[in-house]
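Let me begin by presenting the structure, written as structure tokens, before commenting on it.
The values are calculated or read from the model by the stated rules, or taken from the named source; none is laboratory data. Note that the structure is a prediction, hence the values are computed from the model and not measured. Here the Cβ positions follow ideal geometry from the backbone for every residue, glycine too, while neighbour counts run over all protein chains shown.
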Amino acid sequence: MNTVLEARNLSKAFGGIQAVDDFSFDLRRGEFLALIGPNGAGKTTCFNMLNGYLKPDRGSVRLQGKELVGIRPRKIWRMGVGRTFQITETFLSMTVLENVQMALISYHRRCFDLFSRATRLYRDRAEQLLELVSMQEHASRACSELAYGDLKRLELAIALAHDPVLLLMDEPTAGMAPSERVALMALTAEIVARQQVSVVFTEHDMDVVFAHAHRILVLNRGELIAEGTGSEIRENPMVQEVYLGGGAVFEAENEAASA
Amino acid sequence: MGFYFAQLLTGLANASSLFLIASGLSIIFGVTRIVNFAHGSLYMVGAYLAYTLVSAMDLGAFGFWLGVLVAAAIVGLIGLLIEMTILRRIYHAPELFQLVATFGVLLIFQDATLAIWGAQDLLGPRAPGLDGALRIMGEPIPEYDLALIAIGPLVLLGIWLLFRKTRWGVLVRAATQDREMVAALGVNQAWLFSATFVLGAFLAGLGGALQIPRETVSLQMDLSVIGEAFVIVVIGGMGSVTGAYVAAVLISVLNAFAILIFPQVSIVLPFIVMAIVLTLRPHGLFGAAGSEHGAPTEPEQPLRLMGEKGMMILFAAMAVFALSPVIVGDFTTVLLVDVMVATLFAVSLHFMMGIGGMVSFGHAAYFGIGAYAAAMMVKQLGIGMLPTIFLAPAVAGAGALFFGWFCVRLSGVYLAMLTLAAAQILWGITFQWQQFTGGDDGIVGVWPAGWASSDKVYFYLAFVCCIGGIWFLRRAAHSPFGYTLRGIRDSRTRAEAIGVDSRFHQWMGFTLAGAVAGLAGTIFAFSKGSVFPDSLGIAQSIDGLIMVLLGGIHALAGPILGAGVFVMIEDWVTRLAYWRVIFGIIILVVVLLAPDGIAGGINRLFARIRAVRKGGTA
Amino acid sequence: MAVLSLKLRMRPPVLEVANLNARYGRAQILHDVSILLGRNEVVALLGRNGAGKTTTMKSIMGMLRQVDGRISYENQDILGKPSYMICRAGIGYVPEERRIFRDLTVEENLEVGRRAKRENAPEWTLERLFDLFPNLRERRSNLGKHLSGGEQQMLTIARTLMGNPAVVLLDEPSEGIAPVIVEQMGFVIAELKRQGLSVLISEQNLHFARLVSDRAYIIEKGQVRYDGSFDDLDQHPEISRKYLAV
């Protein structure tokens, strides 16, 4: 089976405003799918319907054939949907390694253990995961001392702890320098390819989107207005009008032409 | 019919003065994020000042209202003084510090009032011109009540206009949301805060001053009103003045009718209403999400397991402690049991706050349940001491399980307030339910079994229980469960995203801390031979907070150090006449000068020594 | 290594930061940072996340405590002054994560920023701001939290302009908003310059920075690593590769 996720006719309204309207898409195994659009287009609402934080008014989401609508977010996570946050969310009073260990402890349902030493559990696996994102040398540092780019990589390791089939990444490169953005997305792409994880991500940095997304969906006012590869989206006049603009702020070649 | 209408009017009149104090509290919290425990003291001082001024002037109706206003204005000035000398220094401290600091201010006020006006209750003058009663539907309604009913909405309107229609009001509302940004836009926030505090203090003073024709002026006014004012603010939504009015009316009117059916209900009714409202609307009737947290705190350092050297020092200290009854006299042995009980209590509170991130203003509830359960089991059910030591903490755990279910639905200040409410409900029940709890007289004659009746034997029994409890919670802090709780405290979003049921874990953490507090209460009951309602009172809860704070909240050893030092200080200070002033000053000194407590101070000392050594060798 | 563009230094600076050091707790964030902002100049402060851009701006704005060095504005020393006095002196700050007052209306948000007119700076009225940000006019009585991300970004800038500043510090205005709004932001900055304001803008987006600013500083690990024009920066691609790694 090649399709991992099928979203069909997703709709959600908030107080009369249609945040997402009849939105459908498929996601293949190992695919890197970008969801873009202006602020308030419904990207976050859409994400929250995929991971169970919001119940759609209509529509269905199937992960490997299993319906996700109506299932609690925690259960959806256990079924193999991981996520990273726009603004990093980590346990700041713990070390980097302990952060990953916590994800493993939860995955193995050991949270109610009152007597073991938490720091001795699943150490090896946690170290492997840190190695995957090249964070092993930071393992014993306090999470609160990390640079932002490193926190992002730590989040990626946490999100991979339960061997997800689908990763939802909300603006994964927000707040990072261009070089770090490229590095983080290259790393993510490599892991995705190796572990056959599928990724849906939202992003405002078009350099990142065009460089890495296999396919792009464009939302505007809750509706899907375009779908295609980077060059198709770039040329689409409707997308240019509502979202991309003249391209001066993200592309060097365009900028030279307009100057 | 007329009778019920009269009850309604009485309720509305009560609502006005409650609204005045609660609105001040709410405004102050909204802008400064400080939960002002001393707000009841401002109310009390307002009443005393109005009493003195109105009696001294004796100018009829004009003199009465002038006296009331001048009293409120003086309270406003006192508020300015407090704000400038104390609160300004703790705006960036965690909410726990602020609460304890304002409790210190409350203690100082209590003794100052006692010194100025004496211990006797004072009967205030009636309001000239409004001292009669009107007949409405056949029932006599005091004219003064009608005046109060009008004053409440008038003040509400005034505050509303102030906040909506003046530039100052817009600035205050902006500061409620982002203080730093308001300063960066050119507003001198120091004065904005001072002015807000003065307004809040003025309203509290006015509330107190307006009460003098209706209530005797006494030294108990502060604590009796503050609990209710908290409840009103929380029901209405922290920071919402309209909410405060609606909540004041709701509580007062409900109360006016409820006492007809069940006269004892007035102590617990506000807290029950609050529990219901918060369960349905976690931010109160008019509160906004995000209003529940004070200043953001700096992240803690990761926990470290104790090294070998530390273990050796710990064992040595414990050995010395275990041998001490052989050396010291019986009197000191009893004091050492007090220290152990306090330590266990403080450690359980620290587990809940430091590890679990749930600030409790009512942890004494579970201490008290443990103590009362033990007393009732031994005295009324005839269960032996040893089974009781296991069963009574289980009862406390069950109590924590019950109240915790409500509490963990909330967070921040709201959670803290609900824990306070739970403790007050229990206190009210023990106080009123005389046939089982003995009411104010408590339960006496709760002695240990014969074999453990000597002070030395009981010391060792307490030693085993307390050290066992402390060891257990320490172990739990390092366990996956403890880490899970800390994780939820750090980031609930992240915890949920890795599949943790954060509410359920917090609930269990709450219960565990409650059960251990119950064990402390059980040991306490047998060591004193009696239990009284104060074992679940506000003061007992605050004692626990002070111990944790004194020791330092960011260290596992904090509560142990804090409890030891606290009991010693208390033992010495309470022998003095004006001990509250001294205690209040000690609290303020700790909060202002050593915010990371004793453990933090020791850590800093070691860090400095290490730095010096490094510098020496390099 | 730093390329100095002397001709830009000839005009008297309106804002001068010299040997600025800033700490958070024990960690030193800025090391001897020196920056000049000329009159009616738009200067970009480039650097990665955590390089010290926001710290520099907050230091200028008096929002940090552990700062030493010299910061002068119109030849007056402002280091150590509280931020409200710095704002009143004529420096406006537009923070990074928008920070509008969510429960206040657009007009009330602007009211918070309002300050008296200043001699050395253009005067902004509600009407003039609404001409610059037409969306805000339509939404003048809406609550801040009901605005879209782009509108919120416009509101933060408008709010700061209400203080009639002579200097504006813009902290990462392009972060997290749609490219089409970033372009609008570019027009706004050009308009501010046309009105005679001086602007210091912190950016990670080199394309955008180049579009709107006259010259740039690159800051890395709390130190200034480059000081010069964008053309010179293009002559030395190794610099931007090393410190910005574009």
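Values computed for the structure shown
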{"quantity": "Top-ranked residue of the stretch A:4-17 - restricted to ones that are touching a Gly at 6+ places or on another chain (Cβ under 9 Å) and under 26 Å from A:Met206 (Cα atoms), ranked as surrounded by the most Cβ atoms within 10 Å (Cβ to Cβ)", "calculated": "A:Leu10"}
{"quantity": "Test for B:Tyr43: is it surrounded by fewer than 24 Cβ atoms within 10 Å (Cβ to Cβ), closer than 27 Å to B:Gly118 by Cα and out of contact with any Cys (no Cβ under 6 Å at 6 or more places or on another chain)", "calculated": "no"}
{"quantity": "B:Phe193 surrounded by fewer than 23 Cβ atoms within 10 Å (Cβ to Cβ), within 14 Å of chain C (Cβ to nearest Cβ), under 30 Å from B:Ile116 (Cα atoms) and not charged (D, E, K, R)", "calculated": "yes"}
{"quantity": "Number of the exception - B:Val217 against (1) more than 30 Å from B:Pro153 (Cβ to Cβ); (2) touching a strand residue (DSSP E or B) at 6+ places or on another chain (Cβ under 6 Å); (3) in contact (Cβ under 8 Å) with a residue 40 or more places away in the chain", "calculated": "(1)"}
{"quantity": "Qualifying positions in the stretch A:27-39 - surrounded by fewer than 20 Cβ atoms within 10 Å (Cβ to Cβ) and within 14 Å of chain C (Cβ to nearest Cβ)", "calculated": "A:Asn39"}
{"quantity": "The stretch A:193-208: number of residues that are within 23 Å of C:Glu203 (Cβ to Cβ) and either part of a helix (DSSP H, G or I) or outside the structural domain of A:Leu50 (by TED's automatic domain parsing) (or both)", "calculated": "3"}
{"quantity": "Which numbered condition B:Val408 misses (of (1) over 17 Å from B:Ala364 (Cα atoms); (2) touching a strand residue (DSSP E or B) at 6+ places or on another chain (Cβ under 9 Å); (3) in contact (Cβ under 8 Å) with a residue 40 or more places away in the chain)", "calculated": "(2)"}
{"quantity": "Any chance B:Met44 is assigned by TED's automatic domain parsing to the domain that holds B:Gln189, in contact with a helix residue (DSSP H, G or I) (Cβ under 7 Å, 6 or more places away or on another chain) and without any contact (Cβ under 8 Å) to a residue 12 or more places away in the chain", "calculated": "no"}
{"quantity": "Verdict on B:Ala201 being touching a residue at least 12 places away in the same chain (Cβ under 8 Å), closer than 16 Å to B:Gly152 by Cβ and crowded, with 24+ Cβ neighbours inside 10 Å", "calculated": "no"}
{"quantity": "Selection from the stretch B:442-485 of residues that are in a helix (DSSP H, G or I), free of Cβ contacts under 8 Å to residues at least 12 places away in the same chain and either among the basic types (Lys, Arg) or more than 9 Å from every other protein chain (Cβ to nearest Cβ) (or both)", "calculated": "B:Gly450, B:Trp451, B:Val457, B:Val464, B:Gly468, B:Trp471, B:Arg475"}
{"quantity": "Test set (1) touching a helix residue (DSSP H, G or I) at 6+ places or on another chain (Cβ under 6 Å); (2) crowded, with 21+ Cβ neighbours inside 10 Å; (3) within 14 Å of chain A (Cβ to nearest Cβ) - C:Gly52 fails condition number", "calculated": "(1)"}
{"quantity": "Residue check, B:Leu556 assigned to a helix (DSSP H, G or I) and at pLDDT below 90", "calculated": "no"}
{"quantity": "Some residue of the stretch B:156-168 being crowded, with 20+ Cβ neighbours inside 10 Å and either without any contact (Cβ under 8 Å) to a residue 60 or more places away in the chain or more than 29 Å from the chain's Cα centre (by Cα) (or both)", "calculated": "no"}
{"quantity": "Pair list, Cβ under 6 Å, 6 or more apart: the stretch C:91-102 residue more than 9 Å from chain B (Cβ to nearest Cβ), other residue basic (Lys, Arg)", "calculated": "none"}
{"quantity": "Condition met for B:Ile488 (more than 16 Å from B:Leu556 (Cα to Cα), without any contact (Cβ under 8 Å) to a residue 40 or more places away in the chain, within 12 Å of chain A (Cβ to nearest Cβ) and in contact with a helix residue (DSSP H, G or I) (Cβ under 6 Å, 6 or more places away or on another chain))", "calculated": "no"}
{"quantity": "Evaluation of C:Gly149 against (1) within 14 Å of chain A (Cβ to nearest Cβ); (2) buried (at least 17 other Cβ atoms within 10 Å of the Cβ) (one fails), failing number", "calculated": "(2)"}
{"quantity": "Sole residue being within 20 Å of the chain's Cα centre (by Cα) and part of a loop (DSSP other than H, G, I, E, B), chosen from B:Gly354, B:Gly382, B:Gly362, B:Gly368", "calculated": "B:Gly362"}
{"quantity": "Residues of the stretch A:190-236 classified as aromatic (Phe, Trp, Tyr) and buried (at least 23 other Cβ atoms within 10 Å of the Cβ), total", "calculated": "1"}
{"quantity": "Any hit, the stretch B:500-507, residues being surrounded by 23 or more Cβ atoms within 10 Å (Cβ to Cβ) and within 8 Å of chain A (Cβ to nearest Cβ)", "calculated": "yes"}
{"quantity": "Set B:Phe262, B:Phe257, B:Phe286: member being more than 18 Å from the chain's Cα centre (by Cα) and not assigned by TED's automatic domain parsing to the domain that holds B:Phe103", "calculated": "B:Phe286"}
{"quantity": "Number of the condition not met by A:Val249 [criteria: (1) crowded, with 22+ Cβ neighbours inside 10 Å; (2) hydrophobic (A, V, I, L, M, F, W, C); (3) at pLDDT 85 or above]", "calculated": "(3)"}
{"quantity": "Criterion: touching a strand residue (DSSP E or B) at 6+ places or on another chain (Cβ under 6 Å), part of a helix (DSSP H, G or I) and either within 20 Å of B:Ala244 (Cβ to Cβ) or among the hydroxyl-bearing types (Ser, Thr, Tyr) (or both) - qualifying residue of B:Tyr43, B:Tyr51", "calculated": "B:Tyr51"}
{"quantity": "Meets criteria (surrounded by fewer than 18 Cβ atoms within 10 Å (Cβ to Cβ) and within 14 Å of chain C (Cβ to nearest Cβ)) for A:Ala174", "calculated": "no"}
{"quantity": "Qualifying strands (runs of 3 or more DSSP E) (wholly inside the stretch C:8-113; at least 2 residues being modelled with pLDDT under 90)", "calculated": "C:13-24, C:27-38"}
{"quantity": "Yes/no for B:Thr388 being of a type in the set (S, T, N, Q), more than 26 Å from B:Leu336 (Cβ to Cβ) and assigned to a helix (DSSP H, G or I)", "calculated": "no"}
{"quantity": "Hits in the stretch C:30-49 (condition: within 14 Å of another protein chain (Cβ to nearest Cβ) and touching a Leu at 6+ places or on another chain (Cβ under 9 Å))", "calculated": "C:Ala44, C:Leu45, C:Leu46, C:Gly47, C:Arg48"}
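Condition check ((1) in contact (Cβ under 8 Å) with a residue 12 or more places away in the chain; (2) within 14 Å of chain A (Cβ to nearest Cβ); (3) surrounded by 23 or more Cβ atoms within 10 Å (Cβ to Cβ); (4) part of a helix (DSSP H, G or I)) across all residues:
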{"position": "C:Asn135", "(1), (2), (3), (4)": "yes, yes, no, yes"}
{"position": "C:Arg140", "(1), (2), (3), (4)": "yes, no, no, no"}
{"position": "C:Lys145", "(1), (2), (3), (4)": "yes, yes, no, yes"}
{"position": "C:Gln153", "(1), (2), (3), (4)": "yes, yes, yes, yes"}
{"position": "C:Arg159", "(1), (2), (3), (4)": "yes, no, yes, yes"}
{"position": "C:Leu170", "(1), (2), (3), (4)": "yes, no, yes, no"}
{"position": "C:Gln184", "(1), (2), (3), (4)": "yes, yes, no, yes"}
{"position": "C:Val188", "(1), (2), (3), (4)": "yes, yes, no, yes"}
